[in-house]
Amino acid sequence: NRPSDWLILTGLALGMCVTNGFARFAYGLILPAMRSELGWTYAQAGWLNTANAMGYIAGAVGTMILIRRIAPTTLFSFGFVTTAVCLLATGLYEPMWWQSLWRFLTGLCGALSFASAGALTSQLFKGDPRRNALAIAILFGSGGGLGIVLSGAGIPPLLDRFGPGAWPWAWIAIGTFSIASIPLALWSARHLRANRQSVENTRLPVRRMLPELVGYGCFGAGYIVYLTFLSAWMTAQLAATWLISLVWVLLGLCMALSPFLWRGIFARFASGLPLALILLGIATGSALPVLLPSTSGMVLSALVFGLCVFMAPGAITNFSRQNLPPDSWGAAISLFTVIFAVSQTLGPVGAGALGDMAGSIGAGLLAASGILLVGAAAAILQRPLSQ
């Protein structure tokens, strides 16, 4: 007998804390210090997240190929361990080529865990759609949210106390925590080994899924701008360290709580409505810091953005589970991840370049909001595949 599904989910969510919360989003908190210490432009700073996203493309494509031959358990475990090592290595040397290398590898390895974690979690609570939907939402929301909370509570005070030159220690700290988390995450994944998916000869109805795919592509291009440049925008507005830390902690807490807000919607709708509503919320949260550049505006932005952003992966995982046979779930989630990864490369460097031209990264945040609204309009057109 395997342990409780909730206990297994805890370990998988810890994997999301590392491969999602730390590996992809902690950089947004460390970026202002690195930019100040190393003299980067916004475009250079955005390039590192584009390098991360390029690695994510490679990892997502690799997952689509490998999931036909290798159990999701193995992909998740390998991706988790290598991501933890990459995070630690990022803080060991400062040249741009070194940072680019490890941001790329972090994206590549993190994608292996990200896509396979969704496939693994889809196997929990079989026969109970509401708990299954909640488990998927908790994986992405609470798992990734925990990484944001820990980063927001620890990194700004560290950099405020020791100055921008302490940025390597921020990477070393989250890398050390990640390595310490390996045993629990691997233990959880191992208990799902018997549920390996077979996706041989899987054919996906891609044309009928097109609105959902377009919406998820716009999500990738838009959301990453906020999480890359929020701290840089707040620093440019002379926000206090306590406010930056508060906003990120609120952001992470809302991400962790978001599954409980969205679980009913996920369980009820097999259409693109959940993703459309999520994208509308992310678009609103992205624009608020620029439209209301005050303490209340920043806090409201964190609340709205946090309650929505990590539910987008949950929405497409739930869409796949409700509309496709079980042996297609892994392939479908991998396809969504590839679309997301490709679009994600455009956001940071494009927004950074726009910020350099406009003299303010606020222009990039507003452009990202517009892209997200386009995605919401596309996703609302998605019908259940059974219709």
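Remarks
- For segment 11-134, the equivalent ellipsoid derived from the alpha-carbon gyration tensor has semi-axes of 30, 15, 11 Å in decreasing order.
- Rounded to the nearest 20, the Cβ-based charge dipole of segment 58-159 about its Cα centre (Lys and Arg +1, Asp and Glu -1) stands at 380 debye.
- Of all accessible heavy-atom area on segment 27-179, the percent that carbon and sulfur account for (1.4 Å): 69
- Summed side-chain charge close to residue 333 - residues other than residue 333 whose Cβ falls under 14 Å, Lys, Arg +1, Asp, Glu -1: 0
- Residues in the chain average 36 Å² of solvent-accessible surface per residue, probe 1.4 Å, ligands and nucleic acids excluded.
- Shape category assigned to segment 323-387 from the gyration tensor of Cα positions, a/c cut at 1.5: oblate
- Sequentially through segment 257-268, phi angles give Karplus couplings (6.51, -1.76, 1.60; θ = phi - 60°) of 7, 4, x, 6, 6, 9, 4, x, 5, 4, 5, 8 Hz, Gly and Pro residues having no value and appearing as x.
- Largest-first principal axis extents of the Cα set of the chain (Å): 52, 41, 32
- FRET efficiency for residue 291 and residue 190, using Cβ-Cβ distance with R0 set to 41 Å, rounded to 0.05: 0.30
- Gap separating the Cα centres of segment 112-139 and segment 290-349, nearest whole Å: 16
- Calculated FRET efficiency for the pair residue 383/residue 94, C-beta based, R₀ 45 Å, to 0.05: 0.35
- Charge dipole (debye, nearest 20) of segment 1-112; +1 at Cβ of Lys and Arg, -1 at Cβ of Asp and Glu: 300
- Computed from Cα atoms, the angle from the helix 96-121 axis to the main principal axis of the chain rounds to 30 degrees.
- The slack in the chain from residue 241 to residue 36, taken as 0.36 nm per residue of separation less the alpha-carbon distance, amounts to 72.3 nm.
- Highest average packing first - 176-187, 76-87, 228-239, Cβ atoms within 10 Å: 76-87, 228-239, 176-187
- For the chain, a crude dipole built from +1 on the beta carbon of Lys and Arg and -1 on the beta carbon of Asp and Glu, taken about the Cα centre, is about 1120 debye to the nearest 20.
The values are calculated or read from the model by the stated rules, or taken from the named source; none is laboratory data. Treat the numbers as computed from the prediction; the structure is a model and nothing was measured. Neighbour counts run over all protein chains shown; Cβ positions are idealised from the backbone, glycine included. Note: areas computed on protein heavy atoms with side chains; ligands, DNA, RNA excluded. Shrake-Rupley method; radii C 1.70, N 1.55, O 1.52, S 1.80 Å.
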